[in-house]
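To keep things clear, I will list the structure first and then write my remarks on it.
The values are calculated or read from the model by the stated rules, or taken from the named source; none is laboratory data. Predicted, not measured: the structure shown is a model, and the values here were computed from it. Virtual Cβ from ideal backbone geometry, glycine too; neighbours counted across all protein chains shown.
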């Protein structure tokens, strides 16, 4: 009997080994679309996209991508990747239009996303599938997944406040009304750019800048085609910059095309629409970086001054300090008087200004936003309820009913009058004013003059479209009786140009609140 036990065990083992194996489900393998073009110098890998969903057509300097299922009946074109070499030709050959966006940079070439002519295809009966595939070719996706063979940085303008970019002549003179030279502008733009290759050597060498501070800046900007030299190989650093040239460079340094206008076109008496820089000049005016002079003329060929240049750059960056109260003690320059029209902007460009101290009292942890007028009076908002203190935050009292919006910023000019910035799910920007300490609020933007003053209404005249294009807004102190409103928005006709982060900054003053309440604005 004992001998049977091993035999039975052996039989059981043999039977189990002959039994059919249980099928084990393998995990789903994510599909991936991969593309390599050695001649054009880039690869593209997109996960969760089937290779069968995308058709590729190669041409001399680009690759067109199509949605295969909808191609036969509906065209199916998603986009084209254009490769420009050398990369400086991006501007010289007219590739900087609203249909093209920079998605990657190589040391000797630039990679552009070009939208299909006539707008994006609908995909017809394949709409949902088409949109899913097309989303993988968005600007954000391509900037992550398109890899140049020899990659390089895409320089971006820094919006850091108080960052110095206008070097004084000798530490004591800033020459506000002198013409701005090409070398000075190159150095200013270089100082404002963020990139990890600014210390790298450039192939471009300008012999007439070799001994100058702007030598590296001029070579760097020229390597991208932003600020090229002349046909004879010189940069001419001491030559003045015209107002037309400056308007063009404000766009080029952002790799951005000039924007258009919603509504009637702008007319300039001294800049016909056939003028070489017309589009850039109009765009700079619409975005309120630059403006005509008091006589209504732009003077495109006139040399721009250092004061005019830094004011325009500060407006572009959201750093316009024209309404800031600056004490004489903050001014180290012997040739800059406090009465100069660009006094605050020149000091901001030189890195002299600093942010005021706003933490003057105790703030509850639950505060969404707060503001102290002085060490005694303060306000904070939590869950749409405004509260006030008169003892530096030791005790708080609710003021008024619940607010009609989520508050993102509040500022009081005195104990009674102030402004509040907020938003709702339907509206990204709500601007309210009060004249009774916050017990009641009125809509500042119900006033047409206030809309023109504080929103980019010059570029987008339709209020509904204007509000749809607002991305964000913020408040910051400008002085005892004023506060800056900064609005970031998408310019009209710029849906293909995400490089351009348009900003409109204005000062809301105590006098304006009084005028609105008095019906004088």
Restricting to the stretch 101-128, what's the tally of residues that are at pLDDT below 85, surrounded by 17 or more Cβ atoms within 10 Å (Cβ to Cβ) and within 26 Å of the chain's Cα centre (by Cα)? 2
If I ask for residues that are closer than 13 Å to residue 504 by Cβ and either crowded, with 22+ Cβ neighbours inside 10 Å or without any contact (Cβ under 8 Å) to a residue 40 or more places away in the chain (or both), which ones from the stretch 470-482 would you list? 473
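Okay, residues lined up against (1) farther than 21 Å from residue 161 by Cα; (2) in the same structural domain as residue 408 (by TED's automatic domain parsing); (3) crowded, with 18+ Cβ neighbours inside 10 Å:
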site	(1), (2), (3)
432	yes, yes, yes
441	yes, yes, yes
454	no, yes, yes
465	yes, yes, no
468	yes, yes, no
484	no, yes, yes
505	no, yes, yes
Looking at (1) modelled with pLDDT under 95; (2) closer than 27 Å to residue 92 by Cβ; (3) surrounded by fewer than 17 Cβ atoms within 10 Å (Cβ to Cβ), which one does residue 257 not meet, given that it meets all the others? (3)
Output for the stretch 230-271, where each listed residue is in contact with a helix residue (DSSP H, G or I) (Cβ under 8 Å, 6 or more places away or on another chain), in a loop (DSSP other than H, G, I, E, B) and farther than 25 Å from residue 456 by Cβ: 233, 234, 235, 236, 237, 238, 239, 241
If residue 131 satisfies every condition in (1) surrounded by fewer than 18 Cβ atoms within 10 Å (Cβ to Cβ); (2) in contact with a strand residue (DSSP E or B) (Cβ under 7 Å, 6 or more places away or on another chain); (3) over 30 Å from residue 478 (Cβ atoms) but one, which is the exception? (2)
For the stretch 371-384, what are the residues that are over 15 Å from residue 395 (Cβ atoms) and in contact with a strand residue (DSSP E or B) (Cβ under 8 Å, 6 or more places away or on another chain)? 371, 373, 381, 384
Of those in the stretch 384-425 that are at pLDDT 95 or above and on the phi > 0 side of the Ramachandran plot, the residue surrounded by the fewest Cβ atoms within 10 Å (Cβ to Cβ) is 384
Do we have any residue at all in the stretch 383-399 that's under 30 Å from the mean Cα position of the chain (by Cα), more than 16 Å from residue 510 (Cα to Cα), outside any loop (DSSP other than H, G, I, E, B) and in the same structural domain as residue 504 (by TED's automatic domain parsing)? no
Criterion: closer than 24 Å to residue 477 by Cβ, without any contact (Cβ under 8 Å) to a residue 12 or more places away in the chain and assigned by TED's automatic domain parsing to the domain that holds residue 190 - qualifying residue of 322, 339, 294: 339
Would you confirm whether or not the stretch 284-292 contains a residue that is part of a strand (DSSP E or B) and in contact with a strand residue (DSSP E or B) (Cβ under 6 Å, 6 or more places away or on another chain)? no
Tell me, which helices (runs of 4 or more DSSP H) wholly within the stretch 108-221 include 3 or more residues that are under 30 Å from residue 343 (Cβ atoms) and free of Cβ contacts under 8 Å to residues at least 60 places away in the same chain? 182-192
Check whether at least one residue in the stretch 206-216 is assigned by TED's automatic domain parsing to the domain that holds residue 307 and at pLDDT below 90, and report yes or no. yes
